[in-house]
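Q: A single structure is presented below for examination.
The values are calculated or read from the model by the stated rules, or taken from the named source; none is laboratory data. Quick caveat, the model's predicted, so the values are computed rather than measured. Quick note on the areas: whole protein, heavy atoms, side chains included, nothing else; ligands and nucleic acids left out. Shrake-Rupley method; radii C 1.70, N 1.55, O 1.52, S 1.80 Å.
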Amino acid sequence: MRDVTPDVPAPARRAFLKYSGALGAAAALSSSLAACSSGPESTNDTGSGGGGDRTLTAVIGYGNDGSWDPTQTASAFCMAANNHIYEGLLDTDPITRKPYAALATEVPKDLGGTSWRFTLRAGAKFHDGQPVTADDVVFVFDRILDPNTQTLAKGFFASWLREVRGIDERNVELVLKFPFPEGIARLTLAKIMPKHVFSRPGAWDDAIKGKAVGSGPYRQTAHHPKSNTTFEAFADYNGPRRPAFKRMNWLTIVDAASRVARISGTDAGAQIADNIPYANIEQLRKGGLTVEGGAGMNNLFLMFNTRHKPFDDIRVRQALHYAIDTGKMVQVALKGHGKPSSSFLNEGNPGYRRARTVYDHDPEKAKRLLKEAGVSGLKIDVLAVNVSWIVDCLPTIKASWDAIGVETTLSPQETTAVFTKMDQKQDYQVVAAASNPNQFGLDADLIMHYNYGPQNLWMQYARWADDPVARKLFQDMDRATRESDPERKKAMIQDYIDVVAEQAVLYPVVHNELMTAWDPKKLTGTRAQPYPGVNLLQASWV
């Protein structure tokens, strides 16, 4: 899949970052976003009443003030909420990511061609009571594929999807540029939105701020940035994931201690919470909660500014990776809930192969590489996001680099402050941050193109896209996308991941588990997912 993010001016890139929440699990955005409904509905509704009318209260450890536009967002809170509000033609299981029919009546049986036809579910309605039609499907895909409109979703579709045509009111055809079976799971990333609502002037700005009208099992009833978002079961929903809760109240609590307090104790104010700190797992389990982890692509990565010497030298980048005591980081900061990276992909990914270059802790090799690069007396200011588990990992990086003679300063800041500096093309040396492309799927092609590509946002930050090695890498990535043989494609992806590992421009240090806690006496059907947020489409009251 060729990344098609345009090389836009800095103000537009800042808007793109702000609206998309490019780090996914990164944190709160501008407090100036206006609430999109009156209220508020109480953030103290604990769901402690009896019967099926009680409110399910969830605690999400990320901000709810990112973009809610499904074509734009990578915000953890908003993506999780949108999975309950909207439907794709197909959606995917939150754990296995196997596609199932959502707005469409069935998954196509033949995925080897260049045309997929879908029939919409009879009687499907949007939350305002209007019917879902083929025009709505075409409307959304036209926006995604429009070369003059910048959306995050474009990068997931434009390389392989030529167009979407309406056949009649309930039937659509997707026309592919070449056979691409992997695209079938990506259809969940194209949430179908009502044309009559979002074609109005200013409607996309409203979507960014929190306006949400879909056809899913829950409709949004109130949205209050930095506080909470509320939902209720949509009475006219006739799809495959029937709502089990009459009402839901999702609280945004970024502070770890406050999040743990809300889920624990005899007067717990919530039944489920994500992003549980590792240090609190046993405490919560002793209190009767189920605490489970999901291991996936969640990672701490380092990104180097390759225009800032000496980070243009591959030996320096490699040295700094070899120097990090990742075993200590896993044991001390992650309490054993993670693994040192042995590839860009996590070990559980279907496309995983151990990379040719693996950065096992080797301080002597690190010193030797720095000496070969002619570097001495190096001082580094690590620009880091202040996500709680990242902050826990930073002291290991400092200690490891100090030990090889690299004087290290740690500068954790709000996520938007970190990336605003790069949007403004301010100078920096190294960024340490969190990312999790599993929000979008398990597809290795998708994951790699989310991070690497000639016009990719991350490559603009790293200032590496014009390097001859990068240009060759991007060509190899495009060839792998178009490869029709699955095993050959997998091998091609693994081969270019070896290049990514060797270059270490943007590369994970550790992959870690994300922990979710819930009250098993009240909830059933809950599963911990390996990416931020919760999915309650198959959960219910005990």
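Q: So which lysines pass the test for LYS309, namely a Cα distance under 21 Å, with those fewer than 8 places away in the same chain ruled out?
A: LYS365, LYS367, LYS371, LYS379, LYS398, LYS421, LYS425
Q: If you don't mind, there's one more thing I want to ask. Averaged per residue, what accessible surface does region 343-409 expose to a 1.4 Å probe, in Å²?
A: Using a 1.4 Å probe on heavy atoms only, each residue of region 343-409 averages 47 Å².
Q: A further question follows. With every protein chain present, what accessible area does MET515 have (1.4 Å probe, heavy atoms only), rounded to the nearest 10 Å²?
A: The accessible area comes out at roughly 10 Å².
Q: Would you pull out the residues with amide H under 5 Å of LEU334's amide H, same chain only if 5 or more places away, H placed 1.01 Å from N?
A: For LEU334, no residues qualify.
Q: Ignoring everything but the protein chains, give the 1.4 Å probe accessible area of SER75 in square angstrom, nearest 10.
A: Looks like 10 Å² after rounding.
Q: For LYS226, give me every one of the lysines with a C-alpha distance below 22 angstrom, ignoring sequence neighbours fewer than eight places off in its own chain.
A: Cα-Cα hits under 22 Å: LYS18, LYS209, LYS211.
Q: As a test of the formula, what do you get for the chain when each DSSP H run with n ≥ 4 contributes -39,500 (n - 2.57) and the sum is divided by the residue count, at 222 nm and rounded to the nearest 500 deg cm²/dmol?
A: It comes out at -8500 deg cm²/dmol, rounded to the nearest 500.
Q: Tally up the carbon and sulfur contribution to the accessible surface of region 283-398 as a whole percent, 1.4 Å probe, everything protein left in place.
A: Numbers: 2360 of 4960 Å².
Whole-percent figure for carbon plus sulfur exposure: 48.
Q: Hey, which aspartates and glutamates would be in cross-link range of LYS191, C-alpha to C-alpha under 12 Å, not counting anything within fewer than 8 residues on its own chain?
A: Excluding near neighbours in sequence, the set is ASP69, GLU87, ASP91, ASP136.
Q: When a/c reaches 1.5 or more, the comparison of a/b and b/c decides; with that in mind, is region 55-111 rounded, prolate or oblate per its Cα gyration tensor?
A: Working: a/c = 2.48, a/b = 1.94, b/c = 1.27.
Prolate, since a/c reaches 1.5 and a/b exceeds b/c.
Q: Determine the share of region 417-523's accessible area contributed by carbon and sulfur atoms, expressed in whole percent, with a 1.4 angstrom probe.
A: 48
Q: By how many degrees, 0 to 90 and rounded to 10, does the Cα axis of helix 363-372 deviate from the longest principal axis of the chain?
A: 70
Q: To continue, here is another question. Antiparallel as a % of all DSSP beta bridges within the chain, to the nearest 5?
A: Here the share of antiparallel DSSP bridges comes out near 75 percent.
Q: Against the globular-protein guess of 2.2 N^0.38 Å, express the Cα radius of gyration of region 424-512 as a ratio, rounded to two decimals.
A: 1.12
Q: What are the residues whose amide H is under 5 Å from the amide H of VAL59, where those residues sit 5 or more places off or on another chain and H is modelled from the backbone?
A: LEU251, ILE272, ALA273, ASP274
Q: I would also like to ask the following. If you average 1/r over all unlike Cα pairs in region 214-256 and invert the result, what Kirkwood radius do you get in angstrom?
A: This gives a value of 11.3 Å.
Q: At 20 °C and a viscosity of 1.002 mPa s, what translational diffusion coefficient does Stokes-Einstein give for the chain, taking Rh as the Kirkwood radius over Cα pairs? Give it in µm²/s as a whole number. Intermediate values should be presented prior to the final figure.
A: Working: Rh = 23.8 Å.
It comes out at roughly 90 µm²/s.
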